[in-house]
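The values are calculated or read from the model by the stated rules, or taken from the named source; none is laboratory data. Just so it is clear, the structure is predicted and the values come from calculations on it, not from any experiment. Heads up, the Cβs are rebuilt from the backbone with ideal geometry, glycines too, and the neighbour counts pull from every protein chain shown. When the accessible area is computed, the model is the full protein with side chains, heavy atoms only, and any ligands, DNA or RNA have been set aside. Shrake-Rupley method; radii C 1.70, N 1.55, O 1.52, S 1.80 Å.
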Amino acid sequence: MTEPILYVDDLTMHYTTRAGDVSAVDNVSFTLTKGESLGLVGESGCGKTSVAICLLKLLPDNARIKGGHIYLDGVDLVPLSEEQVRRYRWRRISMIFQAAMNSLNPVYKVGDQIVEAMETHLENFSYPAAREKVAELFRLVGLDPALMEQYPHEYSGGMRQRAVIAMALACDPDIIIADEPTTALDVIVQDRILKELRAIQQKLNMGMIYISHDIAVIAEVSDCVGVMYAGRLVEKACTEEIFHHPIHPYTAGLMSAFPSIVGPKRELTMLPGEPPDLLNPPPGCRFHPRCPYATEICREQVPEFKDYGGDHFAACWHPLEG
Amino acid sequence: MTEVLVRVEGLSKFFPLTRGLFRESREFIHAVEDVSFAIAPGESLGLVGESGSGKTTTGKLLVRLLDPTAGHIYLRSNGSEVDIATLRGKDLKAFRRRVQMIFQDPYESLNPRLTIFDTIAEPLMVQGIGNVLEREEMVAEMLVLVGLTPPSSFMFRFPHELSGGQRQRVAIARALVVGPTFVVADEPTSMLDVSIRTGIMYLMQDLAQRLGVTYLYITHDLAVARYMCQRIAVMYLGKIVEQAETEELLQHPQHPYTRALISAVPIPDPRIKRQAIEIKGSIPTPINPPPRCRFYDRCPIADAFCEQNDHPPLRDVGGGHYVACYKA
Amino acid sequence: MQEPRRRLDEFLSPEERERLRQLPLWKIRLRLFLRSLRTNWRLFAENRIGLIGLAIIIFFALLAIAHPILMKYVWDPNIYDPVVGYAHEETMQPAPPSPRHLLGTDPLGRDVLSQLMFSARSEFILGLVAALITVTIGTTIGAISAYFGGPIDTFFMRLADLIIMLPFVTILIVLSALFKLDLPKLALVIGVLSGFGGTTIIIKSQALTIKVRTYIEAARVAGGSHWHIIRYHIVPNLMPLSFLYMMFTVTSAIFSEAALSFFGLLNIRMSWGLMIHTAQTAGYLLNTKTWWLIVPAGLSITLLCAAFYLVGRALDEVVNPRLRKR
Ligand SMILES: Nc1ncnc2c1ncn2[C@@H]1O[C@H](COP(=O)(O)OP(=O)(O)OP(=O)(O)O)[C@@H](O)[C@H]1O
Ligand SMILES: Nc1ncnc2c1ncn2[C@@H]1O[C@H](COP(=O)(O)OP(=O)(O)OP(=O)(O)O)[C@@H](O)[C@H]1O
Ligand code: SF4
Ligand SMILES: [Mg+2]
Ligand SMILES: [Mg+2]
């Protein structure tokens, strides 16, 4: 195995609100190697976006990293100052934000917006070279470079999403984080973008963290999958392994609750209850109120996130299949 | 099909594009055009299509939230068919008891200032069913049915005190409390998370059987439609392009659009590799579209015949499988 | 097609049924109302500005309430009546503040404090009546215009444009010259003008955003009539904004009254504006030595107007969560 380029260790982050602390990221650990695509899957509000913004240290005012380390090539980013962080943000790690396609500025040409983003982040910036680069990026994401001269409203949803991807690639990052980049798009467009993103990631040998609530999409784009539940990473393994031999009951429940159009029409399982409120999450395993296997220990002690062999990690007191 | 509950014939809805003060609009969005289908009692028909294909518009026409530009909708009641466009006054009110709608967004479809009790009791109140005490009991029963127990702890909460899944249950309760026979469900699960979605899907199926409800189930997700519907109609730019029994449609799609759509659905199994069928571009807006096949511009198998002729009619290719394509 | 059978008794346990029977609806509604009041008060109280405004309003309200009591039990009406009283014991009018007349007397020998307190009540009545009229009209017309659209909407919006374009104060001056307006009439005029004018436009634009909500469609599918939807869904959702505009209307009503009284155009017995008017006609307007003729009344007008405005601003934060700090 190659050296990990990103190593997240016991990351914990809280939001302070008027009602109390929201425990949005709790003891999350994972690694990412060069050229690897990690899918981060979980339901709405389980903290996927929160993990991503920790990695970039783009935290809102009320967010605080309570503990843990984020090593990028061996350098811990957590203690760095804003000034120091700026040197790696966008250039080493960049991000496609949730609903970013709606955040393009409507009054500037799309090409100019990307050039401008490069100008603020690159040291040896030259305008003609940047234009050249943007044209190349447009070709890479499957857009006609002539479209650089157009405004966002002249783009369709799929084209806008491609432009946003091009923008995230502008500074040749080592790692790209894609937060639900296709959720608002139709299946046919989504399918095309997924393929292109995956192809680009492999071609440029980048690390990618792909965030989605849709396990079918995750199955398509990732080598490895991390499953999040209520602020914690509950299971992580390579894609095949996690889909066919899930260890955590939540992962198993998620998989069998997902309808598919191929294969036999199997019974969809139903998880009882609702995801917990992160203002006061359940003690012990956060999944225990909904878990069919839960026992006394689950209600009291937090299960350790441990290796079950073959890089398959899970945090459960009663692992499935052993 | 022996018996029919809802029959739609040549249904169209055009929206004027620009509404000048003195100028009659020349441009229309053909949101729904010449759509026909029938639904048997107890059956559930899926209306599937991409964004902007006219699914919601069709649904709203069926519950008379919109009036059609052309065409008819017949509802069977007391053994005879009535054209719902002709209903007025008392008859319209009675129609509102028989036909209901469940909306997509559970955050938007409940009035934030009304308690759950007031929301579910509203249809009873406007229909003049029961007195306050009876209504309270009916609402409580409905809450039990949709799985919000005990009802006394939910009745007097406000929507913002419920989760998305719970809100959608309330919306379902509101639609079913007057005992409708036909319900248009407009993407009722698309805003919900997977672990909650299955519960709502089963709830809807269960209630359909228990209360004898027929659904028009609108969704953009073929996989959900597979589990919820006996038959599926695929819409593209305001037209139904294919219609068949669910498994037949998924296994043997005939229309090139349906094929592309099915091939683009991601599969939650990393071992299965899909063979995607590429089609050009993305779905346009149907503003004064030319008479030829709506799918012509993106169709991978179109030829000169398709270009020169009108939009193909839905034709039976056997076993209740209908396709609107010259080349299928 | 069989009619759906709805025998669901088995789902509801007898205890649950009993519990439901014992919940009187009005009690629950009252409890809910009080609870929402409490939450809103908490939000409001977080805002220092709003609390200051509220304190000032309460201060003036106490003055207004205290006046009739003082007149009845403490002050001699012959001396202290705000309109017809005369301070016999003072040799010179206007007399400066003294223990007997805490804020002195006016050029006609009347006690200034008594006038100030007496007027506070008129200002409250004027402001609140005008605001109530404004908001009733604005909410009704705004909701109807937004809901029905078309010619009804066009008519009321053009009317509103017309009223906004007319110079407000000039109209009041003309009207008062014609009719010698008294307080209730003035309240009515201000209420009607601002009700059909700017307030309608603002409330209508809010109503438009409510009209397109899905729950309005749901109510139509349920069989609700237009009036049901306006009454049951649109108006209640407009109430917070209406309440907010009530506060702002109070401010503008008090100001208008002061301006008109200052020019002596109103047919009223006593008000803060009239107090300044009296000082001015007697030639004391710019005389710093007789400050007690101008300052108390002027300050009261400013303070009370500012107070309602501040409360309005604080309510704005309660009503529009977007303005709220986390
Ligand atoms: N700025 C904030 N202040 C307080 N709480 C927040 C803030 N941002 C997010 N949260 C809360 O933190 C939790 C995690 O949020 P996050 O956005 O990371 O979830 P997510 O997994 O990305 O969800 P989604 O799929 O809906 O995007 C949620 O419960 C959310 O309500
Ligand atoms: N009230 C309206 N006025 C004008 N155009 C409308 C109106 N409602 C819908 N349309 C247009 O009609 C077309 C069909 O819209 P519709 O909402 O029925 O699509 P849909 O299939 O439900 O899409 P989605 O999956 O996005 O909900 C779209 O092009 C839309 O812009
Ligand atoms: S730890 Fe216990 S409660 Fe949590 S998933 Fe495993 S078995 Fe279930
Ligand atoms: Mg997110
Ligand atoms: Mg729709």
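For B:Arg174, what is the net charge nearby, where nearby means another residue's Cβ is under 11 Å from its Cβ and Lys, Arg count +1, Asp, Glu -1?
0
Over the Cα atoms of the stretch B:214-295, Rg to Rh with Kirkwood Rh, two decimal places?
0.98
Given H placed on each backbone N at 1.01 Å, which residues far from A:Ile96 in sequence or on other chains put an amide H within less than 5 Å of it?
Amide H neighbours of A:Ile96: A:Ile177, A:Ala178, A:Asp179.
If you project the alpha carbons of the stretch C:55-319 onto the principal axes, what extent comes out on each, in Å, largest first?
78, 35, 28
Just how much of B:Glu137 is accessible, in Å², when a 1.4 Å probe is used and the result is rounded to the nearest 10?
Number for this one is 50 Å².
Along the stretch B:310-322, what does the Karplus equation 6.51 cos²θ - 1.76 cosθ + 1.60 (θ = phi - 60°) give for ³J(HN,Hα), rounded to whole Hz, x for Gly and Pro?
5, 4, x, x, 6, 10, 6, 9, x, x, x, 9, 10
How large is the Kirkwood hydrodynamic radius of the protein assembly as shown, counting all unique pairs of alpha carbons, in Å?
Values: mean 1/r = 0.0303 Å⁻¹.
Its Kirkwood hydrodynamic radius stands at 33.0 Å.
Determine the calculated [θ] at 222 nm for the protein assembly as shown from helices alone, applying -39500 (n - 2.57) to every DSSP H run no shorter than 4 residues and normalising by the residue count; nearest 500 deg cm²/dmol. Don't skip to the answer; put the middle values down first.
Details: 35 runs with 429 residues, N = 976.
So the calculated ellipticity at 222 nm is -13500 deg cm²/dmol.
State which helices in chain C qualify, where a helix is a whole DSSP H run, it must extend 15 Å or more along its own axis by its Cα atoms, and its mean Kyte-Doolittle hydropathy must be at least 1.6.
Numbers: long enough: C:25-45 (30 Å, 0.07); C:48-73 (37 Å, 1.92); C:112-148 (53 Å, 1.44); C:150-165 (22 Å, 1.13); C:168-179 (16 Å, 2.89); C:183-196 (20 Å, 1.83); C:198-211 (20 Å, 0.64); C:235-262 (40 Å, 1.22); C:295-319 (35 Å, 1.44).
Span-like helices, by this rule, are C:48-73, C:168-179, C:183-196.
When ranked by the protection proxy of mean other Cβ atoms within 10 Å per residue, highest first, what sequence do the peptides A:163-170, C:216-223 form? List each step's numbers first, then the result.
Values: A:163-170: 24.1, C:216-223: 22.1.
Order by mean packing, descending: A:163-170, C:216-223.
How well do other chains shield peptide C:229-239, expressed as the mean number of their Cβ atoms within 10 Å of each residue Cβ? Could you put the intermediate results ahead of the total?
Values: counts 1, 0, 0, 7, 4, 1, 0, 4, 4, 0, 1.
Across C:229-239, the average partner-chain Cβ count within 10 Å equals 2.
Summing both sides, how much accessible area is buried between C and B? Use a 1.4 Å probe and give Å² to the nearest 100.
When C and B are taken together, about 4000 Å² of accessible area is lost.
Run the accessible area of chain A with a 1.4 Å probe and give the carbon-and-sulfur part as a rounded percent.
Details: 7090 of 13510 Å².
C and S atoms contribute 52 percent here.
Enter the mean number of other protein chain beta carbons within 10 Å of the beta carbon of each residue in A:182-190, as an integer.
On the way: counts 1, 0, 1, 3, 10, 12, 15, 6, 3.
Counting other chains' Cβ atoms within 10 Å and averaging over A:182-190 gives 6.
How much accessible area per residue does the stretch A:102-172 have, counting only protein heavy atoms and a probe of 1.4 Å, in square angstrom?
Spelled out: the 1.4 Å probe surface of the stretch A:102-172, per residue, equals 50 Å².
Take every DSSP beta bridge with both residues inside the stretch B:74-201 and express the antiparallel ones as a percent of the total, to the nearest 5. If you can, show how the numbers build up before the last one.
Details: 4 of 8 bridges.
That works out to approximately 50 percent antiparallel.
All other residues with a Cβ under 10 Å from the Cβ of B:Ser77 taken together, and with Lys, Arg as +1 and Asp, Glu as -1, what is their net charge?
Numbers: positive: B:Arg76, B:Arg98; negative: B:Glu81, B:Asp91.
Surrounding charge for B:Ser77 is 0.
With θ taken as phi - 60° and the coefficients 6.51, -1.76 and 1.60, list the Karplus ³J(HN,Hα) couplings across the stretch A:174-180 in order, rounded to whole Hz; mark glycine and proline as x.
7, 10, 10, 10, 10, 9, 6
Which lysines, if any, have their Cα less than 27 Å from the Cα of C:Lys185, not counting same-chain residues under 8 positions apart?
C:Lys204
Once amide H atoms are built 1.01 Å from N in the peptide plane, which residues 5 or more positions from A:Val25, or in another chain, come under 5 Å H to H?
A:Met13
How much net charge surrounds C:Gly85 when only the other residues with a Cβ under 9 Å from the Cβ of C:Gly85 are counted, with Lys and Arg +1 and Asp and Glu -1? Walk me through the numbers before you get to the answer.
On the way: positive: C:Arg110; negative: C:Asp76, C:Asp81, C:Asp111.
Local charge sum for C:Gly85: -2.
For a quick protection proxy, order the peptides A:58-66, C:240-248 by their average other-Cβ count within 10 Å, most packed first.
On the way: A:58-66: 13.4, C:240-248: 21.4.
Sorting A:58-66, C:240-248 by mean packing, highest first, produces C:240-248, A:58-66.
Please arrange A:Val75, B:Val32 by accessible surface area, largest first, computed with a 1.4 Å probe and ligands excluded. Can you show the working numbers first?
Values: A:Val75 75, B:Val32 0 Å².
Most to least solvent-accessible, the answer reads A:Val75, B:Val32.
Below 29 Å, Cα to Cα, which lysines can B:Lys90 reach? Residues fewer than 8 away in the same chain don't count.
Of all the lysines, those that pass the test against B:Lys90 - Cα under 29 Å, at least 8 places apart if same chain - are B:Lys13, B:Lys55, B:Lys60, C:Lys211.
Given a 1.4 Å probe, show me the residues in the stretch B:213-229 buried by at least 20 Å² of accessible surface when comparing the whole protein assembly to the chain alone.
By number: B:Ala223, B:Arg226, B:Tyr227.
Counting only protein heavy atoms and rolling a 1.4 Å probe, how much accessible area do A and B lose on contact, total for both sides, in Å² to 100?
Working: alone 15500 and 16380 Å², together 28200 Å².
For chain A against chain B, roughly 3700 Å² becomes buried.
Solvent-accessible area per residue for the stretch C:222-326 at a 1.4 Å probe radius, Å²? Don't jump to the answer; show the numbers that get you there.
Values: 4840 Å² over 105 residues.
That works out to 46 Å² per residue.
Cut-off under 29 Å on the C-alpha distance; same-chain residues fewer than 8 positions from A:Lys133 excluded. Which lysines are left, in chain and number order?
Candidates past the 8-residue exclusion: A:Lys34, A:Lys57, A:Lys109, A:Lys195, A:Lys203, B:Lys280.
Just checking the output field for C:248-260: average partner chain Cβ neighbours within 10 Å of each residue's Cβ?
Working: counts 0, 0, 0, 0, 0, 0, 0, 0, 0, 0, 0, 0, 0.
Per-residue shielding by partner chains comes out at 0.
Per residue in the stretch B:239-268, which ones lose no less than 50 Å² of accessible surface when going from chain alone to all protein chains (1.4 Å probe)?
Relative to the lone chain, where solvent access is computed with a 1.4 Å probe, the stretch B:239-268 loses at least 50 Å² at B:Ala264, B:Pro266, B:Ile267, B:Pro268.
Tell me, which residues of the stretch B:99-114 get at least 50 Å² less accessible area when the other protein chains come in, versus the chain alone (1.4 Å probe)?
In the stretch B:99-114, residues shielded by partner chains: B:Phe103, B:Glu108, B:Asn111, B:Arg113.
Using a probe radius of 1.4 Å on heavy atoms only, what accessible surface per residue do you get for chain B? Whole Å² is fine. Intermediate values should be presented prior to the final figure.
On the way: 12600 Å² over 328 residues.
Ligands and nucleic acids excluded, the figure is 38 Å² per residue.
Given Cα pairs under 8 Å that are at least 6 residues apart, what percent is the relative contact order of chain A? Kindly include the intermediate steps, with their values, before the conclusion.
Values: 585 pairs, mean separation 66.4, N = 322.
Here the relative contact order equals 21 percent.
If packing is taken as the average number of other Cβ atoms within 10 Å across a peptide's residues, how do C:26-33, A:106-113, B:58-65 rank, most packed first? Walk me through the numbers before you get to the answer.
Numbers: C:26-33: 11.2, A:106-113: 16.2, B:58-65: 22.6.
Sorting C:26-33, A:106-113, B:58-65 by mean packing, highest first, produces B:58-65, A:106-113, C:26-33.
Mind computing the radius of gyration and Dmax over the alpha-carbon atoms of the stretch A:102-172? Å is fine for both.
11.0, 33
State the Kirkwood hydrodynamic radius of the stretch A:178-263 in Å, one decimal place, computed from all pairs of distinct Cα atoms. List each step's numbers first, then the result.
Numbers: mean 1/r = 0.0722 Å⁻¹.
Computed over the stretch A:178-263, the radius equals 13.9 Å.
Any idea what angle helix B:194-211 forms with the longest principal axis of chain B, computed on alpha-carbon atoms, 0 to 90 degrees, nearest 10?
Approximately 80 degrees, to the nearest ten.
Among DSSP beta bridges lying fully in the protein assembly as shown, give the percent that are antiparallel, nearest 5. List each step's numbers first, then the result.
Numbers: 59 of 96 bridges.
So the antiparallel bridges in the protein assembly as shown amount to around 60 percent.
I'd like the carbon and sulfur percentage of the solvent accessible area for the stretch C:55-319, probe radius 1.4 Å, heavy atoms only, ligands and nucleic acids excluded. Intermediate values should be presented prior to the final figure.
Values: 8480 of 11760 Å².
Using a 1.4 Å probe with all protein chains present, the stretch C:55-319 comes out at 72 percent carbon and sulfur.
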